[in-house]
1. DSSP beta bridges in the chain, what fraction antiparallel, as a percent rounded to 5?
2. Taking a ≥ b ≥ c as the square roots of the Cα gyration tensor eigenvalues, with a/c under 1.5 meaning rounded and otherwise prolate when a/b beats b/c, else oblate, which class fits region 1-94?
3. Please give the peptides 216-222, 262-268, 185-191 ranked by average Cβ packing (other Cβ atoms within 10 Å per residue), highest first, as a rough proxy for protection.
4. When only Cα pairs under 8 Å and 6 or more residues apart are kept, what is the percent relative contact order across the chain?
5. Between R249 and S224, what FRET efficiency follows from the Cβ-Cβ distance if R0 is 30 Å, with the result rounded to 0.05?
6. Report which label in (1) 175; (2) 152; (3) 239 holds the value of volume of the Cα convex hull per residue in Å³ derived from the coordinates of this structure.
7. Take the alpha-carbon centre of region 1-36, take the same for region 79-121, and report the distance between them in whole Å.
8. Taking K259 as the anchor, which aspartates and glutamates have their alpha carbon closer than 15 Å to its alpha carbon, excluding any fewer than eight residues away along the same chain?
Amino acid sequence: MTDFVSVERPRLHVALVTLNRPERMNAMAFDVMIPLREELERVSSDNDVRVVVLTGAGGAFCSGADLENPGRVPDIDGLTLPTIAMRSMELLERVITAVRTMHQPVIAAVNGPAIGGGFCLALACDLIVVGESAYFRAAGINNGLTATELGLSYFLPRAVGSVRAADIMLTGRDVGAVEAEAIGLASHSAADDQLLATCYEVAERIVGFSRPGVELTKRMLSASLDGGSLSAHMREEGLSQLYVRLTTRNFEEAITARKEKRPPDFKD
């Protein structure tokens with residue numbers, strides 16, 4: 001836990017990771033993003049945590065690049081501007097990959113603006129739950145840059161389709177909570193004061209399932225984004241299914257629990 005990132009345990013087996021720089025709308029300064037990556041890596045290795053909820057303190061999820069106080073990039077002594085720029089982007093990219101490679105599913109609790117890199121951070125999560133004040137913006141195009149950063153042009157077309165992604169990215173317009181849920185960008189919506197409670201309900205449902213079943217499902221969903229062919233992906237899915245079926249008694253427990261009209265108790 002650092003000044004800019006907090007980790008709490010609001011429910012059994014659920015970790016809440018909060019960007020805690022509300023005075024800057026949780027902007028992506030390096031002294032925020034580096035601790036965030038480190039905390040995510042620590043939580044990923046915590047075997048008591050089964051689901052992670054990621055949010056921002058105050059009235060924003062993450063407002064993207066901090067244009068006023070970006071912080072200092074570490075370990076750049078003696079480097080010139082082109083190399084410093086590359087190292088800077090690599091640091092931010094490692095945050096996105098840290099989210100994607102966590103053992104646990106990650107739920108983005110978007111409680112306000114998710115702008116630029118903050119939009120990318122939300123998309124890197126496995127599920128997005130929006131509060132009524134949430135909105136998304138591919139801000140680069142509005143700032144005279146490209147709208148592509150930190151995987152946005154990779155994740156967004158896969159989430160909402162290429163035409164909708166082009167509309168969002170080329171116009172730089174805001175996508176509010178209602179539209180986000182309608183186009184499949186958000187998985188659930190809630191009133192602002194019920195946002196975290198809704199995330200915890202989703203998390204607790206996931207916690208009730210088999211650990212390897214959930215982890216492998218997350219891996220296969222991620223792998224499907226890069227799937228080269230249907231047949232190759234189905235082979236990978238089949239191996240994952242067989243792995244859990246043959247190395248655990250989860251399937252038998254599910255059948256027994258249904259017969260006994262009780263929740264299953266997966267021992268993995």
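1. Values: 7 of 27 bridges.
Percentage antiparallel, nearest 5: 25.
2. Values: a/c = 2.98, a/b = 1.65, b/c = 1.80.
Note, shape of region 1-94 comes out oblate.
3. Values: 216-222: 15.7, 262-268: 12.7, 185-191: 19.1.
Order by mean packing, descending: 185-191, 216-222, 262-268.
4. On the way: 467 pairs, mean separation 40.4, N = 268.
About 15 percent, as a whole number.
5. 0.60
6. The calculated read-out lines up with (2).
7. Result: 13 Å between the Cα centres.
8. Once the sequence-local aspartates and glutamates are set aside, nothing remains near K259.
No value in this document is a laboratory result; all are computed from the given coordinates. Because the structure is predicted, anything quoted here is derived from the model rather than measured. Reconstructed Cβ throughout: ideal geometry from the backbone, glycine too, with neighbour counts over all protein chains shown.
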